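Asks: Structure below; questions to follow.
No value in this document is a laboratory result; all are computed from the given coordinates. What you see is a predicted model, and the numbers here were worked out from it, not measured in a lab. When we count neighbours, we look across all protein chains shown, and the Cβ atoms used for this are built from the backbone with ideal geometry, even at glycine.
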Amino acid sequence: MLLRTLERANAAATWISSVAWREQTFGRYDLQKMTYHAVRADFGLTAQVVVRLLAKVADAYKLDRNRPRSFRPRGSIAYDARILRYGSACVSIWTVDGRQAIPFVCGERQRALLAGQQGESDLVYRDGQWYLLATVVVEEPPQQEAGDWLGIDLGVVNIAVDSDSVVYSGGSINGMRHRNDRLRKKLQGKRTQSATRLLKRRRRKEQRQANDINHCISKRIVRVAEHTQRGVVFEDLKHIRSRIRATRSQRRTLHSWAFGQLQAHTLYKAGLKGVPVLFVDPAYSSQTCPECGFAAKANRPKQAVFKCGHCGLVGLPDYFAALILRDRGRAVVSLPHAGGGVSQRAEAPTCKPLALAGGS
């Protein structure tokens, strides 16, 4: 029943999308006027399901309108409170064969969080299993006053290094990615049924492992900041992949770098603990000396070596970058316009080193 529901709903969404593309009409309410009655009559869907599908199509065209959108037959669909209701052990869910009561399982923590369920839930079919992805509202404690800041420099070789000189090494995850890449190429070259089955079983394994590592690192960062009454300072790496140039051999490593996920995990964990999080400009942070402020490309003769050309300070570049980020966090909060609260994403003041050499 659930499979038939997904397939029929996505077929309806694809038809709505074709009408939107043909008429060049992408607004939800305009599409509703054009397609609502036809979808209900032709696909046998209830009113609220059609409304959710119209929203799905409109959202799909918000990114761009350069090409028509289509939807996988078994892609996820959204349910709201009118067509899905959570009970203590079962969910009452609409299907094409009528309303059904289906048991669900979850952990004790998730069951407690369901008390704050709000908005839509997504019905997902993945690897033969059914999932409901629920949105919950959790009350966050008041944000604590940050006595100081913990700078976090993110990287590929070292996933994170903080301004306390703690290194969260990326060796294990980078080695895992290289092994997985070699195994994937080897299995793809065999072109046998057994190799295809093994590839299918290994799907998303690397993603799950990286996600677990990012959860562990973010938990440790927030715990340190909470216990020392500090905030967390990250470098603002938005659009970094489009801002830098990489060789062909570096592209896979760069594009599998899950820094956004680590920052997202830290943000929500920090919110639950009342720890403020700040994003600052990362410009020249890895080339600037934390002792004298001298910034130059020549300060980084090698990836793992920092040697200041002005005062001669030598050390781990990622640690020095974390110190620079910490100082920029202090500077942002001390600005007159900062007030008592701290924005989660703020512009750092312009870095003014003592000297700037080498065109950096």
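Asks: Give the residues of region 11-50 whose amide nitrogen is closer than 20 Å to a point set 7 Å from the Cα of residue 65 in the direction of its Cβ.
Replies: Taking a point 7 Å out along Cα→Cβ of residue 65, the residues of region 11-50 whose backbone N falls under 20 Å are 13-36.
Asks: What spacing in nm lies between the two simple spin-label points modelled at residue 74 and residue 305, each 7 Å away from Cα in the Cβ direction?
Replies: Placing both labels 7 Å beyond Cα along the Cβ direction yields 5.4 nm.
Asks: Provide the FRET efficiency to the nearest 0.05 for the residue 109-residue 204 pair, computing r from the beta carbons and using R0 = 22 Å.
Replies: On the way: r = 23 Å, r/R0 = 1.03.
It comes out at approximately 0.45.
Asks: Here's another thing I want to ask about it. Rounded if a/c is under 1.5, else prolate if a/b is larger than b/c, else oblate: which is region 128-200, with a ≥ b ≥ c the root eigenvalues of its Cα gyration tensor?
Replies: Working: a/c = 6.75, a/b = 1.58, b/c = 4.26.
Oblate, since a/c reaches 1.5 and b/c is not below a/b.
Asks: Where nothing but the Cβ of Lys and Arg (+1) and of Asp and Glu (-1) is charged, how large is the charge dipole of region 78-136 around its Cα centre, in debye to the nearest 20?
Replies: Values: 6 positive and 6 negative charges, 34 e Å.
I would put it at about 160 debye.
Asks: Hey, another quick one. Provide 268, 29 in ascending order of the number of other Cβ atoms located within 10 Å of each residue's Cβ, fewest first. Provide the component values of the computation, followed by the final result.
Replies: On the way: 268 13, 29 9.
So the ranking, lowest neighbour count to highest, is 29, 268.
Asks: Next up: Can you give the relative contact order of region 78-136 as a percent, counting alpha carbon pairs under 8 Å and 6+ residues apart?
Replies: Relative contact order comes out at 28 percent.
Asks: I'd like to know which of 229, 193, 309 lies farthest towards the positive end of the charge dipole of the chain, counting +1 on Cβ of Lys and Arg and -1 on Cβ of Asp and Glu.
Replies: About the Cα centre, the residue reaching furthest to the positive side is 193.
Asks: Turning to a different aspect of this structure: Give me 291, 139 sorted ascending by neighbouring Cβ count inside 10 Å, so fewest comes first.
Replies: Numbers: 291 14, 139 6.
In order of increasing Cβ crowding within 10 Å: 139, 291.
Asks: Return the FRET efficiency for the residue pair residue 102, residue 140: r is the Cβ-Cβ distance, R0 is 25 Å, and the value is rounded to the nearest 0.05. Display every interim value, and only then the final one.
Replies: Working: r = 32 Å, r/R0 = 1.29.
Taking R0 as 25 Å, the efficiency between residue 102 and residue 140 is 0.20.
Asks: Hey, another quick one. Considering only 214, 158, 66, give the residue with the highest GNM mean-square fluctuation for the chain, with springs between Cα atoms whenever their separation is below 10 Å.
Replies: Maximum fluctuation in the GNM of the chain, among the listed residues, is at 66.
Asks: Still on this model: How high is the relative contact order of the chain, in percent, counting Cα pairs under 8 Å that sit 6 or more residues apart? Don't skip to the end; give the middle numbers.
Replies: Details: 528 pairs, mean separation 49.7, N = 360.
After rounding, I find 14 percent.
Asks: Which value in nm describes the separation of the simple spin-label points at residue 219 and residue 197, placed 7 Å from the Cα toward the beta carbon?
Replies: About 3.5 nm separates the two model spin labels.
Asks: Could you work out how far the C-alpha centroid of region 305-328 sits from that of region 112-143, in angstrom?
Replies: So the two Cα centres are separated by 42 Å.
Asks: Could you tell me how many cubic angstrom of Cα convex hull volume the chain has per residue?
Replies: On the way: hull volume 71.3 nm³, N = 360.
Each residue corresponds to 198 Å³ of Cα convex hull volume.
Asks: Can you list the aspartates and glutamates whose alpha carbon sits under 15 Å from that of residue 200, skipping same-chain ones fewer than 8 residues off?
Replies: 127, 181
Asks: Could you work out the helix-only [θ] at 222 nm for the chain, with each DSSP H run of four or more residues adding -39,500 (n - 2.57) and the total divided by the number of residues, to the nearest 500 deg cm²/dmol?
Replies: Details: 11 runs with 155 residues, N = 360.
Helix-only estimate at 222 nm: -14000 deg cm²/dmol.
Asks: Provide 333, 137, 280, 91 in ascending order of the number of other Cβ atoms located within 10 Å of each residue's Cβ, fewest first. Before the final figure, lay out each step's value.
Replies: Numbers: 333 21, 137 11, 280 27, 91 18.
Fewest-to-most Cβ neighbours within 10 Å comes out as 137, 91, 333, 280.
Asks: Separate question: Rounded to the nearest 0.05, what FRET efficiency is calculated for residue 33 and residue 127 with R0 set to 56 Å and r the Cβ-Cβ distance?
Replies: Working: r = 39 Å, r/R0 = 0.70.
Efficiency computed from Cβ-Cβ geometry: 0.90.
Asks: Straight-line reach from residue 273: which lysines fall under 24 Å, measuring Cα to Cα and dropping same-chain residues less than 8 apart?
Replies: Correct list for residue 273: 219.
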